[in-house]
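Here, each number is a calculation from the coordinates, and none is a lab measurement. All of these numbers come straight from a predicted model, not from anything done at the bench. Here the Cβ positions follow ideal geometry from the backbone for every residue, glycine too, while neighbour counts run over all protein chains shown.
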Amino acid sequence: MTITLNNRKETFHGGPMSIARIMEEKSFHFKMLIVKLNGKIISKEAFASTLVNDGDRLDIIHLISGG
Amino acid sequence: MTVKENISTLLAEKCVGIAGAGGLGSNVAAALVRSGVGHLVIADHDTVSRGNLDRQFYFSDQKGHPKVYALQENLQRINSATRLTLFYGRVTTGNARQLFSGCHVVVEAFDMAPEKEWFALWMTENLPHIPLVMGSGIAGWGLSEKIRVQRSGNLYICGHQLETNEKEVPLMAPGVGLVAMIQADIVLEILLIKNDPSL
């Protein structure tokens with residue numbers, strides 16, 4: 001399937017995947033994150049159970065200390 | 001009216017919230033006052049310390065003063081006509097709505113990532129119509145070409161987004177200033193383009 005991940009087209013083998021699996025495959029290991037699927041905020045607890053489908057838009061944003 | 005006059009008129013009517021008055025917030029505030037934004041709401045719980053003077057918009061004779069009041073002094077020296085609403089205390093889920101619901105744009109300028117996270121989630125859930133301009137990844141030097149803006153709906157994240165160890169990669173004035181100026185620039189873009197697409 002092909003999705004838009006952080007404004008870039010990304011292709012993954014196979015069908016729908018959980019957000020947690022995509023984060024694992026793309027090595028997103030940050031503790032503080034904002035995750036939006038098709039514009040909707042997804043809570044940490046739902047990363048494993050929320051499926052991303054072909055054509056979806058996923059934004060994974062790191063939050064880093066310093067201000 | 002000239003383009004510059006048109007911009008001044010538009011910005012004079014705008015209100016921008018700034019959550020945190022450290023390296024990002026104090027410098028964003030100065031840039032917005034210089035740009036002619038009419039009203040700023042600034043919230044911070046901290047006082048000025050010696051270690052802040054390497055990157056924040058404060059002066060050595062302001063050590064120990066609450067940042068919001070020291071910033072008020074400094075901003076008024078730039079333009080005494082700018083309206084400033086100051087809150088000396090922590091931003092919490094209990095007061096965020098009262099502080100920021102009247103703003104046209106809010107700038108997230110907190111120090112720690114967990115604060116950034118709750119504030120972004122809270123804003124997205126409670127005040128989704130207000131654009132939020134965040135800073136993430138400002139430490140180090142030589143990274144100016146890595147600084148970028150990631151946009152997702154009404155959420156704008158500015159910075160290099162590279163995880164750094166603060167003990168080894170300190171916060172330096174140029175990097176902090178760069179991200180602060182990009183945040184301020186995005187605020188102007190939002191305020192001006194949303195109001196007059198011809199600009």
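Pull up all non-local amide H partners of residue B:85: gap of 5 or more, or a different chain, and H-to-H distance under 5 Å with H placed in the peptide plane.
Residues meeting the amide H criterion: B:40, B:41, B:42.
Based on DSSP, what percent of beta bridges with both residues in chain B are antiparallel, to the nearest 5? Before the final figure, lay out each step's value.
On the way: 6 of 27 bridges.
Counting only bridges with both partners in chain B, antiparallel ones make up about 20 percent.
For the range A:2-62, give the magnitude of the charge dipole about the Cα centre (Cβ charges: +1 Lys/Arg, -1 Asp/Glu; no others), in debye to the nearest 20.
I would put it at about 180 debye.
What's the exposure ranking of B:182, B:42, going from fewest to most Cβ atoms within 10 Å? Can you show the working numbers first?
Values: B:182 19, B:42 27.
Least to most surrounded, the residues fall as B:182, B:42.
Give me the net charge of residue A:3's neighbourhood, meaning all other residues with Cβ under 9 Å from the Cβ of residue A:3; Lys, Arg count +1, Asp, Glu -1. If you can, show how the numbers build up before the last one.
Values: positive: A:9, A:57; negative: A:10, A:54, A:56.
Residues close to residue A:3 contribute a combined charge of -1.
Name the long-range amide H neighbours of residue B:134: under 5 Å, sequence gap of 5 or more, or other chain; modelled H, no Pro or chain starts.
B:108, B:156, B:157, B:158
Where nothing but the Cβ of Lys and Arg (+1) and of Asp and Glu (-1) is charged, how large is the charge dipole of the protein assembly as shown around its Cα centre, in debye to the nearest 20?
Details: 26 positive and 26 negative charges, 41 e Å.
Dipole size: approximately 200 debye.
Could you work out how far the C-alpha centroid of the range A:1-21 sits from that of the range B:12-47, in angstrom?
38 Å
Inside 10 Å of the C-beta atoms of B:110-118, what's the mean count of C-beta atoms belonging to other chains? Spell out each step's value before the answer.
Working: counts 4, 3, 6, 10, 4, 4, 9, 7, 1.
The per-residue average across the peptide is 5.
Of A:55, A:41, A:19, which is farthest towards the positive pole of the range A:2-62's charge dipole, taken about the Cα centre with +1 and -1 on the beta-carbons of Lys, Arg and Asp, Glu respectively?
The residue sitting farthest along the positive end of the dipole is A:41.
Once you list every other residue whose beta carbon is under 10 Å from the beta carbon of residue A:38, what net charge do they have if Lys and Arg are +1 and Asp and Glu are -1? Numbers along the way, then the final one.
Values: positive: A:36, A:40, A:57; negative: A:56, A:59.
Combined, the nearby Lys, Arg, Asp and Glu give +1.
With θ set to phi - 60° and the Karplus curve 6.51 cos²θ - 1.76 cosθ + 1.60, what are the ³J(HN,Hα) couplings of the range B:139-145 in order, to the nearest whole Hz, using x for Gly and Pro?
6, x, 8, x, 10, 4, 6
In peptide A:53-65, how many Cβ atoms from other protein chains are near each Cβ within 10 Å, on average? List each step's numbers first, then the result.
Numbers: counts 0, 0, 0, 0, 1, 1, 6, 2, 11, 11, 17, 16, 15.
Average neighbour count from other chains, rounded to a whole number: 6.
Would you list which lysines come within 24 Å of residue A:44, measuring only between C-alpha atoms, while excluding same-chain residues fewer than 8 positions from it?
Partners found: A:9, A:26, A:31, A:36, B:116.
Could you list B:105, B:28, B:169, A:52 in order of exposure, starting from the residue whose Cβ has the fewest other Cβ atoms within 10 Å? Walk me through the numbers before you get to the answer.
On the way: B:105 26, B:28 30, B:169 16, A:52 22.
Ranking B:105, B:28, B:169, A:52 by Cβ neighbours within 10 Å, fewest first, gives B:169, A:52, B:105, B:28.
For a label point 7 angstrom out from the Cα of residue B:121 toward its Cβ, which stretches of the range B:4-24 have the backbone nitrogen within less than 20 Å?
Within reach of a label on residue B:121, which here means backbone N under 20 Å from a point 7 Å along Cα→Cβ, the range B:4-24 contributes B:19-20.
Cut-off is 10 Å between beta-carbons; in what order do A:40, A:26, B:14, B:116 appear when sorted fewest neighbours first? Don't jump to the answer; show the numbers that get you there.
On the way: A:40 10, A:26 14, B:14 23, B:116 28.
Taking fewest neighbouring Cβ atoms as first place, the list is A:40, A:26, B:14, B:116.
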